[in-house]
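First the structure, which I've put down as structure tokens, then a few questions once you've had a look.
Every read-out reported here was derived from the displayed coordinates using simple, explicitly stated rules and does not represent laboratory data. Keep in mind it's a predicted model, so treat the numbers as computed, not measured. Don't worry about glycine lacking a Cβ; one is built from the backbone with ideal geometry, like all the others, and counts go over all protein chains shown.
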Amino acid sequence: MIEALRELARRLLAEERVRVVIGYGQSSPQGPVHPLFITRAEDAEQLVWNRQCFSNLTAYLTRKDVRALGPAAVVVKGCDERTITVLEKEAQLERERVFVVGMVCEGMGDPGLPKCQVCDRHRPRLADETLGEAVDREVPALERYAALEAFLARPAEQRMAYWQEELARCVKCYACRQVCPLCYCERCIVDKNRPAVIDTSATLKGNFAWHITRAFHLAGRCVACGECARVCPVGIDLTLLNQSLARAAEEAYGFRAGEDPRVEPLVGSWSPQDREDFIR
Amino acid sequence: MSHAIRKEALRALVGSWLAEGKRVAGPVAVGPGRVLYQPLVSPERLLLDGFIRTVNSIKAFVFPRHEELYAYRFRGRQVELIDAPLPEEEQIVIGARPCDAAALPVLDHVFRWGTPDRSYERRRELTTVVTLACREYDDHCFCTSLDSGPRDERGSDVLLVEIDEETYEVVWLTSKGKDLFVRHTERADRKGTIGTGPKRKFDAAALERFLAENFESPVWETFALRCLGCGACAYDCPTCHCFDIVDEGDRHGGMRVRNWDSCQFALFTLHASGHNPRTAQAQRIRQRIYHKFRIYPDKFGDTLCTGCGNCSRGCPVHLGIRPVLEAISALERKPQSAPPKTP
Amino acid sequence: MTAPPVSADPATAPNLYLPDLMEVLEVQQHTADTKSVRLRFRNEIAAKRFSFRVGQFGIFSAFGSGEATFNICSSSTWKDYIEFCFRRTGMVTDALWEVDKDDTIGFRGPYGNGYPMEKWRRKHLIFLGGGIAMPPIRCAIWYALEHRDEYGEITIIYGARSTKDLVFADDLARWAQYDGVQVIRCVDPGGETPDWDGEVGFVPEVLKRADVRSDNSVALVVGPPIMIKLTMPLLTRMGLVDRDIYTSLESRMKCGVGKCGRCNCGPVYLCKEGPVFTLEQLKALPNDY
């Protein structure tokens, strides 16, 4: 699979179909896997593919310095692929300018990440070229939201105490925002100050305001790639927040972000059949 | 002869500090694979054995991430200012790493030059640092590349060095440290031993030569695409000290506060006019390296880095300082070669 | 490694971030988005203790919105008040825009190095300013005029985008009344009105055309980066040496005292070692401003 990936990257660059291949690299065989930008065909051999390829590389597609390089190829897993659909629907990228290399994925990490345990897209569906063989496993929605269900089963006071303890640790490094492929705002609301809506201080108040606002801005958009939680230096499980809104979207509207490129974005579309029983 | 304390006795001593109402902080597990220096509620959760490396540093205990500078109240067209009370609570940091403790005297320079920073000064006075010499290292550690090492005593009040699986040697370095331990140690005829530290990762002298001449260099572009521009490296760093000052309040009054800030954020240097001296991430990476390895040494005679490796350990894309310094070091070894081709 | 610095006694050290409270004496609007404010210390002891050098800056606060850095644009010879001038561009200046007589503003300072006015004695002075950068030359001009016999001829070239963008227009008129003072006002092409009696063109072009005395002279150039960049070589061609060409650099600042890590340009902390530099010093700085 890795040889096929390197060969594809080589071909795409040599034929000048793309100017950069965004993939995974590793500085040493034992070292951590990191995002890698290949701009010359002869460097394609530096690409790696293994169970440590956690990053959702689509986050780089909207960045100015990466766009400036020209058309890009990006290596995606089934979970990452969903962000491409969302970005396209939100007019953040022209699909034809991006060559999507899909990697069939048996799960990341050892043991697999929680998201990999309930993954129902081991094989990317929308890639321009897909490497590897595997069959998808249908995962019922209940299973995908099992961790959230367990959390929501706890009494409200306990849940509040949990968030107070967790969010008290947040130092506002914004790794969650910077790593998120859907946090592409030119100027984030927390960086705006006319008027200042969210305290920039890393206090409980400022942290609640920040994380709740961010979760709401991701409602119906977050594809649950889990990068925000993975990179959080202080280990806050932000997927719980995002999942609760994702579940609301799925329950109320049968909508899963990035799932179907033919479906219009949840928050950006309206239909007379939309549920409105939550408006009181 | 040396002073020693048995490990259970140390834990009991920590318990007695807590019982006395002292604020004690040390490494605590907050989740799978994540350890933070946090205020302790009980001595049991304190992590001391094995390779313990916290995500954060101990700087937060002398330079908190959020601090009130003073309060203001509106009184008609007049304003009343209420100075922030000086910190009063004594605190003990136990299980600090030498690379964390060594950062404190480095920070002293900037907070003390010119106009001294009162609350920093006060917290330094109130803080006793009990450091644990390192016997184990990981790939990110590079203290030995910066003339430091696993038993660096700078910034510590007490240094604990493991003698065996049951006992630490207690080396008190200040009277503050001695006061904490003096009645709780026993005589020992053995001294604690540690190894030589992590292997050297780059050549500091070569780095110095490189920075003298390469403010403009393609090397700064090497990692710019990959860097996400978050502040994790700066906030996990024991020596990064940049801050922001903002007002928080309502129409009756509020507080002026200082918050940690990072030179890696795109808006850090944005002028009101719209001009920004550092529009590219490459410039911001360069700034961080220059500040630590040239500007600070030139100004204060000290490096603004202790080699703890936190910036790399906590980086979402496995960057931080070490990979950049290694790339520079490699360039200096082979001056003819071009910088690494692929970022 | 140098010896660690000596610690101060926190019990007696003042809170360096605590500002003095200032009473607003007067607000003057110059353009659609520019105002200057005249301030007096509310506390008399603070007023007596205060002194500054022209070219230094202060950190001014609108409580509830925050602090911003401005040059003190009044002359240090004026003892009863200080002035600063600002353009409305952000949260703090939005709040300052609403300020009226008798209101309260916070002030910390003075900070920075200021102009070496003593060194400039017995020299001819050339002041070149653009747009909102008038305030940092205004303080030096008034200082020189208040010590008229200590300085030679004075040339002032001040340019703005249009006639509507000139700040301190009344001062420009008053300076022209002094003996040995040449005031040239200019606006960018297209920015003039039919009754405009000044020059049309950018500051560097106007400088080229003007009859400016350049022997035994020092020049102070303050304005947008592009203006500074184009003006400095002209001064060099006129015969001024690099150490006689001065500028004041703008930077984003927070603490003002070399701690917050925001304003460094290479090895130089602009708040402490700037903001005033000679071209000679500027050439030694990296391109980081």
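Compactness ratio of segment A:155-267: Cα Rg over 2.2 N^0.38 Å, N = residue count?
Against the empirical 2.2 N^0.38 Å value, I get 1.09 for segment A:155-267.
Let me check I have the definition right: for segment C:78-153, take the eigenvalues of the Cα gyration tensor, multiply each by 5, take square roots. What are those semi-axes in whole Å, largest first?
The three semi-axes for segment C:78-153 are 29, 15, 11 Å.
Working out 0.36 nm times the residue gap between B:Glu44 and B:Glu165, then minus their Cα-Cα distance, what length gain in nm do you get to one decimal?
So the chain would gain 41.8 nm between B:Glu44 and B:Glu165.
If you don't mind, another one. Which residues does a label at B:Gln78 reach in segment C:21-59, if reach means a backbone N under 19 Å from a point 7 Å past the Cα toward the Cβ?
From segment C:21-59, the list is C:21-26, C:39-48.
As a check on your grasp of the helix formula, calculate [θ] at 222 nm for chain C: sum -39500 (n - 2.57) over DSSP H runs of n ≥ 4, divide by the residue count, round to the nearest 500.
Calculated mean residue ellipticity at 222 nm is -6000 deg cm²/dmol.
Shifting gears a bit: May I ask which residue of B:Cys99, B:Met1, C:Ala47 lies farthest towards the positive end of the charge dipole of the protein assembly as shown, with charges of +1 (Lys, Arg) and -1 (Asp, Glu) on Cβ and the Cα centre as origin?
Of B:Cys99, B:Met1, C:Ala47, it is B:Met1.
Next question. Where does the charge balance sit around C:Cys73 when Lys and Arg score +1, Asp and Glu -1, over other residues with C-beta under 15 Å from its C-beta?
0
While we're on this one: Could you give the size of the charge dipole of segment B:192-334 about its Cα centre, using +1 on the Cβ of each K and R and -1 on the Cβ of each D and E, expressed in debye and rounded to the nearest 20?
400
I would also like to ask the following. For chain A, set up a Gaussian network in which alpha carbons nearer than 10 Å are linked by springs, and say which option among A:Leu12, A:Leu69, A:Leu148 fluctuates the most.
Its mean-square fluctuation being the largest, the pick is A:Leu69.
State the cysteines of chain B left without a partner when partners are defined as other cysteines whose beta carbon lies under 4.7 Å away.
B:Cys134, B:Cys141, B:Cys143, B:Cys227, B:Cys230, B:Cys242, B:Cys263, B:Cys305, B:Cys315
Okay, next question. In whole Hz, with x marking every Gly and Pro, tabulate ³J(HN,Hα) for segment A:41-48 from phi via Karplus 6.51 cos²θ - 1.76 cosθ + 1.60, θ = phi - 60°.
The phi angles translate into 3, 5, 8, 4, 5, 6, 5, 10 Hz.
For chain C, give the magnitude of the charge dipole about the Cα centre (Cβ charges: +1 Lys/Arg, -1 Asp/Glu; no others), in debye to the nearest 20.
My answer is approximately 780 debye.
Sort A:90-99, B:321-330, C:113-122 for me by packing, meaning the mean count of neighbouring Cβ atoms within 10 Å per residue, highest on top.
Result, highest mean first: B:321-330, C:113-122, A:90-99.
On to the next question. At a Förster radius of 60 Å, what calculated FRET efficiency corresponds to the Cβ-Cβ distance of C:Gln281 and A:Arg95, to the nearest 0.05?
0.70
Related question: Can you list the residues, at least 5 places off or on another chain, whose amide H is less than 5 Å from the amide H of C:Val183, using H built in the peptide plane?
Answer set, sorted by chain and number: C:Ile156.
May I pose another question? Only four residue types carry charge here, +1 at the Cβ of Lys and Arg and -1 at the Cβ of Asp and Glu. Report the dipole size of the protein assembly as shown about the Cα centre in Debye, rounded to the nearest 20.
800
Per-residue mean of other chain beta-carbon atoms within 10 angstrom of the beta-carbon, peptide C:17-27?
So the per-residue partner count for this stretch is 3.
So which cysteines in chain A don't have a second cysteine's C-beta under 4.7 Å from them?
A:Cys53, A:Cys79, A:Cys105, A:Cys116, A:Cys119, A:Cys170, A:Cys173, A:Cys185, A:Cys188, A:Cys222, A:Cys225, A:Cys232
Right, something else. Kindly rank C:155-162, B:137-144 from highest to lowest mean number of other beta carbons found within 10 Å of each residue.
C:155-162, B:137-144
Taking the dipole about the Cα centre of the protein assembly as shown, with the C-beta of Lys and Arg at +1 and of Asp and Glu at -1, give me whichever of B:Thr144, A:Leu240, C:Leu235 is farthest to the positive side.
About the Cα centre, the residue reaching furthest to the positive side is B:Thr144.
Once you've got the GNM for chain B with C-alpha springs shorter than 10 Å, pick whichever of B:Arg278, B:Arg256, B:Arg97 has the biggest mean-square fluctuation.
Judging by the Gaussian network model, the answer is B:Arg256.
Let me ask you something else. 5 Å is the cut-off here: which amide hydrogens, built 1.01 Å from N in the peptide plane, fall below it relative to A:Val20, excluding neighbours closer than 5 in sequence?
Hits under the 5 Å cutoff: A:Ala73.
Once you've got the GNM for chain C with C-alpha springs shorter than 10 Å, pick whichever of C:Glu98, C:Glu199, C:Glu67 has the biggest mean-square fluctuation.
In this elastic network of chain C, the residue with the biggest mean-square fluctuation among C:Glu98, C:Glu199, C:Glu67 is C:Glu98.
Can you find, among B:Ala188, B:Leu36, A:Val231, the residue farthest towards the positive end of the dipole of the protein assembly as shown? Put +1 on the C-beta of Lys and Arg, -1 on that of Asp and Glu.
It is B:Ala188, whose Cα lies furthest towards the positive end.
Just to check I understand the Karplus step: with θ = phi - 60° and J = 6.51 cos²θ - 1.76 cosθ + 1.60, what whole-Hz values come out for segment A:155-160, glycine and proline as x?
x, 3, 4, 5, 5, 5
Under 5 Å between amide H atoms, partner at least 5 residues away or on a different chain: which partners does A:Gly25 have, H built in plane at 1.01 Å?
Sorted by chain and number, the residues that satisfy this are A:His34, A:Leu36, A:Val48.
Provide the descending list of Cα extents for chain C along its principal axes, expressed in whole angstroms.
On the principal axes, chain C reaches 60, 50, 36 Å in Cα extent.
Now for a separate question. Hey, what D do you get for the protein assembly as shown in µm²/s if you plug the Kirkwood alpha-carbon radius into Stokes-Einstein at 20 °C and 1.002 mPa s?
Estimated diffusion coefficient is 70 µm²/s.
Over segment B:1-136, with a single point scatterer placed on each C-alpha, what log10 of the ratio I(q)/I(0) does the Debye formula yield at q = 0.12 1/Å?
-0.57
In segment A:15-121, what percentage of the DSSP-assigned beta bridges are antiparallel, given to the nearest 5?
Here the antiparallel bridges make up roughly 45 percent for segment A:15-121.
Oh, and also: To the nearest 500 deg cm²/dmol, what mean residue ellipticity at 222 nm is calculated for chain A from DSSP H runs of n ≥ 4 alone, each contributing -39,500 (n - 2.57), summed and divided by the residues?
Rounded to the nearest 500, the figure is -9500 deg cm²/dmol.
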